[in-house]
Amino acid sequence: MGIQNTLEGSNTEIPEIGALDVDKIKQDFPILQRKVYGKPLVFLDNAASTQKPLQVIETIQQYYTAENANIHRGVYYLSELATQKYEHSREIVRRFLNARSLKEIVFTYGTTDGINLVAHAFGRKFIKEGDEIIISEMEHHSNIVPWQILCEETGARLRVIPMNDNGELDLDQFRNLINSRTKLVAVVYVSNSLGTVNPIKEIIQSAHEHDIPVLVDGAQAVSHYRIDVQELGCDFFVFSGHKIFGPTGVGVLYAREEILETMNPFRGGGDMIKSVTFERTIYNDLPYRFEAGTPNIAGVIGLGTALEYVENIGYEWIGAHETEVLQYGMNVLSEIKQIRFIGTAQKKAGVISFVVDGVHPHDIGTFLDREGVAIRTGHHCTQPVMDHFNVPATSRASIAMYNKKEDFDALVRGLHKIIKVFS
């Protein structure tokens, strides 16, 4: 089976395969040098969270040891320095996404937080009883539950784009769902449990033909491919730092400035105000009116370093390497007759989900751990996906730019041992 790694909205040419110096990259990640139960760590759980390069770790250490101060409020040196670095990260993110303005970059605590922000600040204002929100069958719970809560509060209705047994969305059915009551489309770019790369640009264009805004969950896309929000044309785009070699507890919401201007704040408190009296509060300018309270300052600064790290390596090289490793993984795993793949879309990125006849995924994960191989087992916060394929859980191997073919060789050796034990 051939796997394509191209994303709509990317004009990047893929270079010759094998050009990425993975061994050199791995040296930047201290945790990849360690052993687990006396065996070299093989980390194949990158869809859950990527490891952190030394450059990001040192950036965070530098902040706490030499720059620690609250931002936006102080006139002393450390506060001004921390503010400068925090806002410089905002500019890095703007360039990274090719947003038009710094006003369109809101720092959040992650993808989940960004989606909840939109559900509250946009949804509560513009979505009413009888309106409809379209999501897809392959969404992460973070792109289901906030909309369910909103629907319960407002009387709106949630509509779901179905997928086929390859794990691909039915775009004809999607277009049939659109009607005059549709007020928002919220869909994942790359499925965290299947690896499917959705035709997101086509989805956005179809929605915009009816003047319907689109939110894109980009958590699984950002570490693999260059994102250009202007070329995609999306209205909202959310991602998490920890999915792209950055810290946990920090993320980004991109939203078109003209939409943000119409939205009410999600949280109230410090830093999102211009003035407060008991009679009236005047909110701050964009994007600060959506950033209440002291943020994860070190995390935001570390995120900036992580994005620069990825850009310095180059997405064209990352894409070519990951495609080769992913294809190799599919090939060697398919030689195990007891394996059944869950999600076989033509366009896949970074993820291989599978079940093994006669062995529960949790047993597989526990056994592989003793072999030094880290994978994820469970429903991956996509229980409707598991229901579609009639499985309680899957085993999921997910790659990043520092993974090699040898990592899948180790996975296969462990699986053969497991099958022998359970046969």
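None of the figures in this text is laboratory data; all of them are computed from the coordinates on show. These figures come from a predicted structure and were not determined experimentally. When we count neighbours, we look across all protein chains shown, and the Cβ atoms used for this are built from the backbone with ideal geometry, even at glycine.
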Convex hull volume per residue in cubic angstrom - Cα atoms of segment 50-145: 162 Å³
Share of pairwise Cα separations in segment 134-195, more than 12 Å, in percent: 67 percent
Highest-MSF residue in the chain out of GLY38, GLY365, GLY123 [GNM, Cα springs under 10 Å]: GLY38
Length gained when the stretch PHE278-ARG181 is fully extended (0.36 nm per residue, less Cα-Cα span): 31.1 nm
Table column - 3J(HN,Hα) (Hz), segment 250-265, Karplus curve with 6.51, -1.76, 1.60, x for Gly and Pro: 9, x, 9, 10, 8, 8, 4, 4, 5, 7, 4, 4, 8, 8, 7, x
Within a Gaussian network of the chain (alpha carbon springs, distance under 10 Å), most fluctuating of GLY167, GLY249, GLY270: GLY270
Beta bridges per DSSP with both ends in the chain, % antiparallel, nearest 5: 60 percent
Long-range HN-HN contacts of GLY251 with modeled amide H, under 5 Å: THR108, TYR109, GLY110, GLY241
Cross-link pairs beyond the 28 Å C-alpha cut-off, checked among LYS85/LYS404; LYS35/LYS243; LYS125/LYS201; LYS35/LYS417: LYS85/LYS404
³J(HN,Hα), Karplus 6.51/-1.76/1.60, whole Hz, each residue of segment 135-148, x for Gly, Pro: 10, 10, 5, 9, 5, 5, 3, 5, 10, 10, 4, x, 6, 5
Packing-based ranking, highest mean first, of 158-166, 377-385, 97-105 given that Cβ atoms within 10 Å are counted: 377-385, 97-105, 158-166
Segment 350-406-segment 212-254 distance, computed between alpha-carbon centres (Å): 24 Å
Integer Hz, Karplus 6.51/-1.76/1.60 couplings in order for segment 168-176, x for Gly and Pro: 10, 6, 8, 5, 5, 5, 4, 5, 5
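Just the C-alpha atoms of the chain: what Rg/Rh do they give, with Rh taken as the Kirkwood radius?
Taking Rg over the Kirkwood Rh, I get 0.98.
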Span from the segment 266-321 Cα centroid across to the segment 71-137 one, whole angstrom: 5 Å
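Under the definition of Cα pairs under 8 Å and six or more residues apart, what whole-number percent is the relative contact order of segment 56-311? Write out the running numbers ahead of the final one.
Values: 477 pairs, mean separation 64.7, N = 256.
Taking the mean separation of contacting Cα pairs over the length of segment 56-311, I get 25 percent.
Restricting to DSSP H runs of at least four residues, report the calculated mean residue ellipticity at 222 nm for the chain, -39500 (n - 2.57) per run over all residues, nearest 500 deg cm²/dmol.
On the way: 14 runs with 149 residues, N = 423.
Estimated from H runs of four or more residues: -10500 deg cm²/dmol.
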Inter-probe distance in nm under a simple model that places probes 7 Å from Cα toward Cβ, at VAL332 and LYS125: 5.2 nm
Volume in Å³ per residue [convex hull over Cα atoms, computed for segment 221-336]: 144 Å³
Rounded, prolate or oblate (a/c below 1.5 giving rounded, otherwise prolate when a/b exceeds b/c) for segment 140-236 by Cα gyration tensor: rounded
Charge dipole (debye, nearest 20) of the chain; +1 at Cβ of Lys and Arg, -1 at Cβ of Asp and Glu: 880 debye
Net charge dipole size for segment 218-270 [Lys, Arg +1 and Asp, Glu -1 on Cβ; Debye, nearest 20]: 320 debye
